[in-house]
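Data block below; observations after.
The values are calculated or read from the model by the stated rules, or taken from the named source; none is laboratory data. Note that the structure is predicted; figures quoted are calculated from it, not measured. Quick reminder, even Gly has a Cβ in these numbers, built from the backbone with ideal geometry, and neighbours come from all protein chains shown. For accessibility, only protein heavy atoms count, side chains too; no ligands or nucleic acids. Shrake-Rupley method; radii C 1.70, N 1.55, O 1.52, S 1.80 Å.
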Amino acid sequence: MQKPRSSCRGVRAFSLLELLVTLAVAAVVAGMAYPAFNDLIARVHATSRVNDLVGIIRFARHAAINGGRWVTLCPAVDELCADTTDWQSGIMVFEDRDRDGSRQPAEPVLGYLASLDVGERLRWRSFRRRNFLTFRPEGYTNWQNGSFHYCPASGDPRYGKVLIVNIQGRTAPSVDTDGDGIDEQANGQPLAC
């Protein structure tokens, strides 16, 4: 009588010890990568916030140019402009028919940018110290060059960003010019959160 052939002949497998060593090495490598991954996530989040801000500013500027009208951005609470330089509660864009930087009921809302997460801060610092940003029909600001300062909920300035708005209505993101890991403001000083 012939012996039945085994289907496992010539098959090689890992031993339990080899599997445990492989898992241990993978855990060590993952542990070393974790801090760098968190740093990457924080930087991407900050860049995303600034890109959202650039988007709403460009939207307002193009609405002013295309509609031949004055358009204002302001920190918003319940479709009203808040009297503050802190913009984390959300941003409203509206047609500013009376050119006063404050929305009246007859002035149509053109768009919104949602509020930031709890603890995040966004401040507007401008020439002439106005708490709003207005674009004229030509696309220029109303003599309101300035900068937005974004700070993450952690308060770590390494993940903060500055967005500079010039009088022509164009934006420029901050950069770390001195290599200390913190972006500089328009005046060359490091951002402080």
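By how many degrees, 0 to 90 and rounded to 10, does the Cα axis of helix 16-67 deviate from the longest principal axis of the chain? So the inclination is approximately 20 degrees. Among the protein heavy atoms, those of residue 87 account for about 0 Å² of accessible surface (1.4 Å probe, every chain in place).
Each residue of the chain gets 224 Å³ once the volume of the Cα convex hull is shared out per residue. Exposed loop sites were defined as GluC sites (Glu not before Pro) in DSSP loop states (anything but H, G, I, E or B) carrying at most 13 other C-beta atoms within 10 Å; in the chain the longest segment without such a site runs 1-78.
Label-to-label distance for residue 16 and residue 167 is 7.8 nm, based on points extended 7 Å past Cα in the beta-carbon direction. Over the stretch 42-152, with the other protein chains present, what is the accessible area per residue in square angstrom, probe 1.4 angstrom? Accessible surface, normalised per residue, equals 49 Å². If R₀ is 35 angstrom, what is the calculated FRET efficiency for the pair residue 37 and residue 58, using the beta carbon separation as r and rounding to 0.05? Rounded to the nearest 0.05, the efficiency is 0.65.
Rounded to whole numbers, the Karplus 3J(HN,Hα) couplings from phi for the stretch 109-122 are 7, 9, x, 9, 10, 4, 5, 7, 5, 4, x, 6, 10, 9 Hz, using 6.51 cos²θ - 1.76 cosθ + 1.60 with θ = phi - 60°, and x at Gly and Pro. Expressed as a whole percent, the accessible area of the stretch 1-133 that falls on carbon and sulfur atoms is 59 (1.4 Å probe). If the viscosity is 1.567 mPa s and the temperature 4 °C, what Stokes-Einstein diffusion coefficient in µm²/s follows for the stretch 104-193 when Rh is the Kirkwood radius over Cα pairs? Taking Rh from Cα pairs, D becomes 90 µm²/s.
Residue ranges 22-33, 103-114, 58-69, 140-151 sort as 140-151, 58-69, 103-114, 22-33 when ordered by packing (mean number of other C-beta atoms within 10 Å per residue, highest first). Measuring between their Cα centroids, the stretch 115-178 and the stretch 64-81 lie 16 Å from each other. Label separation (residue 128 vs residue 153): 3.6 nm, computed from points 7 Å beyond Cα along the C-beta direction. Entry note, the stretch 118-193: relative contact order of 25 percent, from Cα contacts under 8 Å with a spacing of 6+ residues.
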